[in-house]
Amino acid sequence: PSCSCCCRQCVNRSSSLLLAPRMLHSSVMAAPVALHRLVASVLKPFAAGLTRMKVGLRRRERRSSYLLLAPLLCQAKPQAEVPSPPCSAYAHNIQRFQWIGEFVPAFGISGSQVKVLSSPSEFYETMKEHIKMAKKRIVMASLYLGTGPLEQELVDCIEETLQRSQDETPKSDLRVSVLLDCTRGSRGKKNSRTMLIPLLTKFPNQVRVSLYHTPDLRGILKFLLPERFNEIIGLQHIKVYLFDNNVIVSGANLSDSYFTNRQDRYVLLQDCHEIADFFDDLVNAVSDISLQLQQNDTTDMNQGMIHPFTGNRKDFCAEANKRIMAVVNEARSKQQYRNHIKCLSENNSEQLLVPSDNGQALKCTDTWIYPMIQMKSFEIRIDEQVTETLMTRAEAESKMYLTSGYFNLTKAYMDLILGTSADYQILLASPEVNGFFGAKGVAGAIPSAYVYIARQFYRRVYQSGLQDRIRLNEYFREDWTFHAKGLWYYLSGSRWPCLTLIGSPNFGYRSVHRDLEAQLAIVTDNHNLQQQLQQEQENLYCLSNEISTITFDQPNRHVKLWVKLVTPLIKNFF
């Protein structure tokens, strides 16, 4: 059952579990300041008792202790100054996935702060809109920045915002930080670096451009591998776009096709300063171990930092691990008190109040954001561990919709999909919407390699008799390419997903072993957000056809012999 009391009363309800019935009525009607002091005074002396009470409650049947108090609680009238929506009485989904917080920070927000973007154009326009409104910080992490007119318009937008910050009285402290991959961002004479040098020159005290270089591309290998081919060793693949306290997490790069006709996924987190701080600190940590772009198009390392390809590899990776994990661990420490309060009840069901950054309203915590990173070169495997655990724990008759623009599952992920109980519907790119379709030279054979990998996986599914539990779909849209990746998780019998993974990883070997990756696990009980995620999933899958045994007999699925021979040797590089 759910209570119609407002969110502020839900907090009162949490505290009422700790108080005698005589004190309950006064705590419900207390002012916010008095309530805060009352809760603080009660929590400390009762901490030990709460632990014992929690253990005892779990041994009882799945019922909420405040059901007995519902008549009294519902007598309290909603306070007019808090126009928040009703809170859910149970947070089954949030409790079910609390284990993710053992690996990463857990940020509780309202589902109303999350907006799922649906198209490349919406992604592009949303970025421009937030750049223009930025007052404190613009932080952008991507594989590369393109060189076309749309990309130039984005740079011009940043320049205008920086100029406006200087014209203000007093001057604004707006800063801009851009993190790109060094090899991809340096490709060609006109490249990401040349696009950003004018900003560096005009605003040297406000702009920072960092170029991550993998420590695995060094020595004779770096000397021999030409442009494009040197990108197979390892890349900065994180895609995070941050404007003050608003964050877009995506798999999309800063290039014209990603703004027009290359389908990806994008989620906007609004007024989430703690999450914005986390990603700001994360990008800053990676930037500190990266090459710094100079106004004359050269690069230098910050003083005292180990060089990624001329310095000692072991020392560089150890320093990178230390800096990046410090960000993760510090964020986890900051969340401990909030999460401790959240876990006081039996079902983790009482809703906390999240103050809006604009100070206008209080919102229910019905959604948890878990940022996950993967940097195998630095012995950071958080995303891999969480994804594998999620697949392992997936229950029978639950369903996972999994998508990857480049379908090349690791052996571990493949074995878990084949060996666990959940149903899977996997969406992959048809050859025509693969980003390498029609490319010149060896790269033109990459779509065929992905067809070959998909065919081998489908054969395993079919030979194991799992075609009713594991289904494959191919995305096709005329004149579009497909780059979406992620996962939607549906509990058994549920109409809507309660969890999604969204960000840069493709579930492939590169994502796990070579590149720097980041994504979010979003767990929600908010029905509006669940419906947004459901609509996103349907929009992608409705443009696909299910793969069957005859799919690979079609002429455009023919794979040349040399591709079949080479694919097992090179599949770990793409």
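Shape index of segment 150-193: Rg/Rh, with Rg the Cα radius of gyration and Rh the Kirkwood radius from the inverse mean 1/r over Cα pairs, equals 1.11. Straight-line reach from Lys314: taking Cα to Cα under 12 Å and skipping same-chain neighbours fewer than 8 places apart, the aspartates and glutamates in range are Asp216, Glu379.
Placing unit charges on the Cβ atoms only, positive for Lys and Arg and negative for Asp and Glu, gives segment 474-528 a dipole magnitude near 140 debye about its Cα centre. For segment 111-340, with the dipole built from +1 on Lys and Arg beta-carbon atoms and -1 on Asp and Glu ones, taken about the Cα centre, which of Gln152, Ser186, Asn253 lies farthest toward the positive end? It is Ser186. Would segment 445-561 count as rounded, prolate or oblate if I go by the C-alpha gyration tensor, calling it rounded below 1.5 in a/c and otherwise prolate when a/b exceeds b/c, oblate otherwise? Prolate, because a/c is 1.5 or more and a/b exceeds b/c. In the calculated pair-distance distribution of segment 116-182, the portion above 21 angstrom amounts to 27 percent of the Cα-Cα pairs. For segment 111-340, the orientation-averaged shadow of the C-alpha convex hull comes to 14.1 nm² (one quarter of the hull surface). Which pairs, out of Lys440/Lys560; Lys190/Lys571; Lys239/Lys376, put more than 28 Å between their alpha-carbon atoms? Check vs 28 Å cut-off fails for Lys190/Lys571. Peptides 121-134, 166-179, 247-260 ranked from most to least packed give 247-260, 121-134, 166-179, packing being the mean of other C-beta atoms within 10 angstrom over each peptide's residues. Of all the C-alpha pairs in segment 361-472, what % are more than 25 Å from each other? Of the Cα pairs, 38 percent sit more than 25 Å apart. Accessible area per residue for segment 403-448, computed on protein heavy atoms with a 1.4 Å probe, is 34 Å². In a simple Cβ point-charge model (Lys, Arg +1; Asp, Glu -1; nothing else charged), segment 111-340 has a dipole of about 500 debye relative to its Cα centre. Taken about its Cα centre, segment 369-445 carries a charge dipole of about 260 debye when Lys and Arg each add +1 at the Cβ and Asp and Glu each add -1 at the Cβ.
The values are calculated or read from the model by the stated rules, or taken from the named source; none is laboratory data. Just so you know, these numbers come straight off a predicted model, no measurement behind them. Counting neighbours? That spans all protein chains shown, and the Cβs are built from the backbone with ideal geometry, glycine included. Just the protein is used for accessible areas: all its heavy atoms, side chains included, with ligands, DNA and RNA removed. Shrake-Rupley method; radii C 1.70, N 1.55, O 1.52, S 1.80 Å.
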